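Presented below is the structure to which this report refers.
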């Protein structure tokens, strides 16, 4: 049956939706990092920012280290996210690793690079740091179990390899498992259909065609604004409007970057002292400390800065107080509604009444989203529960909604996101020393200690996942804070002659309470979002990020290294 499915996939590459990483597994070689029965100090899973940074650091410490990744090259989410218009939302120079030999020899062409340029950046990291010699691509982990007597993990892959390692680091990130809704009759559709994160690198020709985009998260916004000007007709299926902000993208010359480069070290250190890992922070004032005129002037100054300035540089109370938040939303709506001529579309995209508090979902950065959706060849279909016109099924020629209408299309982009934050880790077959599996343990709720360890999984670490700053921050900022902590923890384990460390259930419970307390002080729990567990049906509605800021987080987790507070330690002689 599996062989038949593979044959079908090969025959109809655009008709069969790939939904699991294991569908990409392939053993490229039989030696080096691809060898069977590896015996390692450190095994890292995931070759994005996290995995690259830790491979770089672990090798500097002298550890025998191998990196596994399901993709075909370095970049993590940027190796998979090659959908039309895919572009980062954190600006240069902060969206890169603080590895001098890399940043001193690399130039971006713009302050917000697209996926092609980011892939080139990661290839440059590989070239400069010689990462490939210790990396196995198209390698999908399917099980991992810790042997307490040996003090080692046994890790197995989809293609049948086994590796043993003293330390296991999960660097899968927050978006490793895709979410594809179980729409009725999807298999009937005779056109082209792909999930945004499994988009074919060769792209799909949509010129002059009828297309649909399902979803208005970051990928939906980017695909829609890319496709709108070139297609015959675009239908956007929107559940919730994206409170998007102008990106402010511009070219960056080599000369400009050369002028900034002497300050890169300071800039990359500064990002760790700001709430969200950028290089600016919230204002000193509360919203109503200012008069209406002063507020307007302040908001306008943030708007002129573009990017996330309105989100992460606004009044310090607006994410905590609904009345203050409404002032920020009203300003946002006023600015974006001015760009839309069609009254019906204006109310769908930028309603006068907020769909949720501003800023408690990560806004998307757009370039011409509202102008594109205002075009005559674009329809917006409200598929929200309130609208009552949800997608009911796919037909051979398109998508049928509850009102009975079939929206006929040639190409469908499923921009439906991910099993956010936890999905990558729960799909690896991770087994605890208690005989339970992480995928079962986390069905009710995610539990970690420090956002870097999990009780019952000795000598296993994770980063840019649940209970770290993660989605509330610029990625590389969180990655390096957690990566250094993991490096120092492993060094300390070896220095102190320990066989293993294991987070205690009590410490886990306290950390969970810490996560909830930080979140409950904000407006985030007022709506379901990627911060609050995501939109996958049946997933717990819970905060999965540390909401106290990367600066505070760094201090908290480093305190623990002084005395292993919250860990059970086992000496090598035990």
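Read-outs throughout are calculated quantities, based only on the coordinates presented, and are distinct from any laboratory measurement. Here the structure is a predicted model, which means the values were calculated and not measured. Glycine also receives a Cβ, built like all others from the backbone with ideal geometry; neighbour counts cover every protein chain displayed.
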Centre separation in Å (Cα based) which lies between the stretch 313-376 and the stretch 78-115: 27
Reciprocal mean inverse distance between Cα atoms of the chain - Kirkwood radius, Å: 24.7
The chain: angle of helix 2-11 to the longest principal axis, Cα-based, in degrees nearest 10: 40
For the chain, calculated [θ]222 nm from helices alone, where every DSSP H run of n ≥ 4 adds -39500 (n - 2.57): -8500 deg cm²/dmol
Residues 194, 462, sorted so that the one with the fewest Cβ neighbours within 10 Å comes first: 194, 462
In degrees, nearest ten, helix 550-560 long axis to first principal axis of the chain (Cα): 20
Modelled FRET efficiency - R0 51 Å, residue 133 with residue 297, Cβ distances, 0.05 increments: 0.40
Inter-probe distance in nm under a simple model that places probes 7 Å from Cα toward Cβ, at residue 22 and residue 556: 3.5
Sorted by Cβ density within 10 Å, fewest first, the residues 480, 266: 266, 480
Packing-based ranking, highest mean first, of 386-398, 74-86 given that Cβ atoms within 10 Å are counted: 74-86, 386-398
Rounded to whole Å, sorted largest first: equivalent-ellipsoid semi-axes of the stretch 78-222, Cα gyration tensor: 32, 26, 13
Tail fraction, Cα-Cα pairs, the stretch 357-501, threshold 25 Å, whole percent: 54
Spacing of the two label points (7 Å from each Cα toward its C-beta) at residue 403 and residue 147, in nm: 6.3
Ascending count of other beta-carbon atoms within 10 Å, so fewest first, for 443, 254: 254, 443
Antiparallel DSSP beta bridges within the chain, percent to nearest 5: 40
With Cα atoms, 0 to 90° folded angle of helix 218-227 axis to the chain main axis: 50
